[in-house]
Amino acid sequence: MTDSVRRRVLASLALAAALPLGAQAQTWPAKPIRIIVAYPAGGVSDVVARALGDKLSERLGTPVVVENKAGAGGTIGMDAVAKAAPDGYTLGFSAISPLVLNPHLGTPPYDATRDIVPVASVMYSPVLLLGTQAAKERDFRSLLATAKAQPGQVRWATSGLASLGHIMLEHIMQGTGVQITHVPYKGGGQQLNDALSGQFEVLSTNAGPAVMQQIKAGKLHPLAVGAPARLNTLPNVPTLGELGLPAANLNSVFGMFAPAGVPAAVLERLNAEINRALALPDIQARLEASDNVPTGGSAEAFRRQIAAESQSNARIIRAANIRLN
């Protein structure tokens, strides 16, 4: 077989392989789409997913149904996505933690790199580092100076062992050489109550209306923020990146996901429609009202971000010997 014939055969095979995908993409969507939210109903992620679902329904001309499957830090919901049919009719809305944290702390029932594919980045939720009434310091560098002078005396509360806040704390201790006592909670409710009564010096928590209210009341004072840029609502508060700690400058990134194997044309259409929705003023206003920031972008850029954060988390989890008991 000559080279020219071989090229024509290979081209014909490639075209034949592409036809079913193209035909499927042309008929999609032909039935309702389901978005699995990996968190409870009523939270910010649920509200955002439903708002996006409404926009997708309008643009795609088919109902979009939101289903909450909460638990195990998002693992339950993402497992349901991983095991769904790869036909474009099941999507997942979640933080990236089930893909970049959970696999390094145990054995989730899915392969984070093979069973789930990113569709689009949707938003990031900044992480605030806040001083309580028990802390005399009013800026991050002063806090570090105290922690250096008094090893282990500064107490830092997070929403749990191996949470994003805990990972940030380990990066900070590794990057500065200070010793800070980790105080893990099971969720954010009791953590905030204890912060207001001064049970510890520092807490890390996602930005939101309840937290901002306490900042405005002077009961909590911001020291730094984990975010790509300073927040409009806290323009004088530096990011951890600005403070020389880029590895600790983390935030909760949320996105839309799909089971591996969904036709590329369907994924491209979903990515385009999600980006279009994120550019709408009402969606942006809804996000910014809860101090979340819309992101968007290509699926490939989102995939690279997930891979980079997963590698970084793996290193710090091994170095700090973090284990879930």
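A few remarks follow.
- As a fraction of the 1.4 Å probe accessible area of the chain, surface on carbon and sulfur atoms comes out at 53 percent.
- Each of L60, G244, L128 was scored by the projection of its Cα onto the charge dipole of the chain, and the greatest displacement toward the positive side belongs to G244; charges sit on the C-beta of Lys, Arg, Asp and Glu.
- Subset of K69/K186; K148/K216; K186/K216; K136/K216; K31/K55 violating a 22 Å alpha-carbon distance limit: K148/K216; K186/K216
- Charged side chains reduced to their Cβ positions (Lys and Arg at +1, Asp and Glu at -1) give the chain a dipole of some 320 debye around its Cα centre.
- Burial ranking of peptide ranges 35-42, 296-303 (average Cβ count within 10 Å, highest at the top): 35-42, 296-303
- Here r is the Cβ-Cβ distance between K148 and E58 and R0 is 41 Å; the resulting FRET efficiency, rounded to 0.05, is 0.15.
- Q133-Q190 FRET efficiency (beta carbon distance; Förster radius 25 Å; 0.05 resolution): 0.90
- Contour minus Cα-Cα distance for D282 and A307 (0.36 nm per residue): 5.9 nm
- Average accessible area per residue (Å²) across the chain - probe 1.4 Å, nucleic acids and ligands excluded: 46
- Net +/- balance of residues flanking V211 in space, Cβ distance below 13 Å, scoring K and R +1, D and E -1: +1
- N321/A264 FRET efficiency (R0 56 Å; Cβ-Cβ; nearest 0.05): 0.85
- Karplus-derived 3J(HN,Hα) values for the range 222-227, using 6.51 cos²θ - 1.76 cosθ + 1.60 with θ = phi - 60°, are x, 9, 6, 9, x, 5 Hz; glycine and proline are entered as x.
- Taking all Cα pairs closer than 8 Å and separated by 6 or more residues, the relative contact order of the chain comes to 26 percent.
- The chain shape via C-alpha gyration tensor axes, a/c threshold 1.5: prolate
The values are calculated or read from the model by the stated rules, or taken from the named source; none is laboratory data. Keep in mind it's a predicted model, so treat the numbers as computed, not measured. We place every Cβ from the backbone using ideal geometry, glycine too, and count neighbours over all the protein chains shown. Surface areas here come from the heavy atoms of the whole protein model, side chains and all, with no ligands, DNA or RNA. Shrake-Rupley method; radii C 1.70, N 1.55, O 1.52, S 1.80 Å.
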